[in-house]
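The next block holds one structure in the form of structure tokens; read it before the comments.
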Amino acid sequence: MRTRGYLTTGALWLVGMAVVSCLVHAGQADLSANRESSNHAAKRLPNIVVIMADDLGYGDLSCYGATEIRTPQIDRLASGGLRFTQGYCSSSTCTPTRYSFLTGNYAFRTPGTGVAPPNGPAIISPGTTTLPSLLRQAGYATAVVGKWHLGLGEKGAGPDWNGRLSPGPLEIGFDECLLLPTTNDRVPQVYVRNHVVENLDPGDPLWVGDRAPEEPHATGLTQRETLRMDWSHGHNQTIHNGVSRIGFYTGGMAARFRDEDLADRWVTESIRFMECHKDRPFFLFFSSHDLHVPRLPHERFVGKSKLGYRGDSILQLDWCVGELTAALERLGLAEDTLIVFCSDNGPVMDDGYVDGALEKLGAHRAAGPLKGGKYSVYEGGTRTPFISYWPGKVAAGESDEVVCTIDLPHSLSSLAGVPLPPEACIDSWDVLDALLGRPGAMGRDQLVQQNNNGNILGLRVREAEHDWKLIWSRNKQVYNQVVEETLRSRPVPEFQLFDLVDDTSESNNLADRYPEVVQRLRERLDEIRTGGGSRF
Ligand code: NG6
Ligand code: CA
């Protein structure tokens, strides 16, 4: 898939860009230098790169059993690192997973952590202890590049698109950022660099709202015949780049990007950041958007998979991973860098656009053998590809220990030697030994999984003979029982119990057979929900 010619010229250009951009961002570099000079020991700490895929399912990669698509770059991480068979994100949608990944707290504890709207304010308050704030204490340079979707601006106000976008990532521990503010099916299609919209012309202000503006305004409803990718549900408001979105916006024309260029831009920016900080430890959160709708990969990937735009987007994600790892190798940093590859929720086929994902699926099973997908608390919603890779430090192999993205604040701060304040990251476990594949290392023996707003919870509990999973659906509904079908909600009993030891696909509800186990797990779940934290 990767063309070497492109890489060679691309790489040279990227090096040039890196030098220029380090100067451009000298302000940040100065700040970082202060911390660096006061913390020489930090130089021996490894770099950390977390690559979080968007909507990538357990079965979407060839290293996780996919036969209809090849993902050689991610496979290389899996074969040279540790491939987890029970690696999780904490929620089956993006915002709550990302909230938990950064704060180490279960999202269901905090109302307002569901999928964030275009004008949503910052969900994580300034001053909160987060993964990047902990790593900063150890002297790390920290950056997030890619999808944010955790809100920007003050509570009650939201983002000031034409002014200073604060609070945001820089107020919770990141030194720098280049962001897609929410998701690309939500307006606006602009980059946020640090505190401002990049390339915004003050003479053409950006307006974002949830109601159509007064003046005539083309939408996916009024101009449906002009769209180059039709919508199937929602997504019929402002049109940009021939695709209608969620929400309305006007202006900011010079700042708008093309969907097809996101991945390239983020790879370029990430390599610049790594190049600038190659002499000190850095933490990069590479937050991909590739598989999320609208699926519009760069033209060079279109038609390259058998699976339509969704498959082509997987190839683009694989390319991104290859570029980041190649850059680390070129900089001589491969052996000084821990890479964690994960996803923010399970897979979905039709997520609001007519892009052929379902029709072109063939034999591909995006959630592998698991039931459900995005929006679901069945395993397919939160169990995803999860790989740790650190040449010479993480022994190559496979692990069936349970680890979760919510554990990264505790585990990675443990790697960096920074103790957690007692009130911080209250659900984040230190599973560093499991992540590094140390002999005898244990992952979690319990984990809570949640849907978007936390009104459906799953509790996984590993015991000697059993691998219990209790699902509590307060509204007696679940989403997307079979990910290959069109998304819908189905009735279920309030409590379901499965034993994943011999029922990975959660097909045999044992709640009636083991009422005492249901009772015991309900009590455990209540304790976790109402207690002050669940970390070890
Ligand atoms: C839903 C959107 C879906 C996607 C999701 C968030 C509709 C009908 N559906 O509300 O397309 O944007 O939110 O996805 O609007 S996530 O991966 O960021 O959580
Ligand atoms: Ca997602």
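Overview of values
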quantity	calculated
Karplus-derived HN-Hα couplings along the range 436-445 (A = 6.51, B = -1.76, C = 1.60, θ = phi - 60°), whole Hz, x at Gly and Pro	8, x, 5, x, x, 5, 10, x, 6, 10
Thr129, Thr142, ranked by accessible area, largest first (probe 1.4 Å)	Thr129, Thr142
Total charge dipole magnitude, the chain, about the Cα centre, Cβ charges on Lys, Arg, Asp, Glu only, Debye to nearest 20	280
Those lysines that a straight Cα-Cα span of less than 21 Å connects to Lys278, excepting residues fewer than 8 apart in one chain	Lys43, Lys393
Positive-end extreme of charge dipole, the chain - chosen from Gly417, Pro181, Ser305 (charges on Cβ)	Gly417
Counted charge near Thr250, where neighbours are those whose Cβ lies closer than 10 Å (Asp, Glu -1; Lys, Arg +1)	-2
At R0 = 45 Å, FRET efficiency that the Cβ-Cβ distance of Arg258 and Asp526 yields, to 0.05	0.40
Partners for Lys147 among lysines (Cα-Cα distance below 23 Å; same-chain residues under 8 apart left out)	Lys155, Lys374
Candidate lysines - alpha carbon under 18 Å from Lys371, same-chain residues fewer than 8 apart omitted	Lys469, Lys476
Normalised contact order of the chain, rounded percent, pairs of Cα under 8 Å and 6 or more residues apart	22
Cα centroid of the range 81-113 to Cα centroid of the range 128-201, whole Å	19
Sequence-distant residues sharing a close amide H with Gln477 (under 5 Å, placed H)	Val492
Helical mean residue ellipticity (222 nm; -39500 (n - 2.57) per DSSP H run of 4+; nearest 500) of the chain	-7500 deg cm²/dmol
The chain: C-alpha pair distances exceeding 29 Å, %	49
Heavy-atom accessible surface of the chain: percent carbon and sulfur, 1.4 Å	52
Viscosity 1.567 mPa s, 4 °C: Kirkwood-radius Stokes-Einstein D of the range 447-530 over Cα pairs, µm²/s	98
Rough spin-label spacing in nm, given labels placed 7 Å along Cα→Cβ, for Ala218 and Thr85	5.2
Relative contact order for the range 447-530, counting Cα pairs under 8 Å that sit 6 or more residues apart, in percent	21
Virtual paramagnetic centre 7 Å along Cα→Cβ of Glu485, amide N under 16 Å, in the range 222-257	none
3J(HN,Hα) from dihedral phi, the range 406-414, Karplus parametrisation 6.51/-1.76/1.60, rounded to Hz, x for glycine, proline	5, 7, 5, x, 5, 5, 7, 6, 5
Total formal charge among the other residues, if their Cβ is under 14 angstrom from that of Arg265, Lys/Arg +1 and Asp/Glu -1	-3
For the range 497-536 and the range 418-443, distance of Cα centres in Å	23
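The values are calculated or read from the model by the stated rules, or taken from the named source; none is laboratory data. All values reported here derive from a predicted model rather than from experimental measurement. Glycine gets a Cβ as well: all are built from the backbone with ideal geometry, and neighbour counts include every protein chain shown. Surface areas here come from the heavy atoms of the whole protein model, side chains and all, with no ligands, DNA or RNA. Shrake-Rupley method; radii C 1.70, N 1.55, O 1.52, S 1.80 Å.
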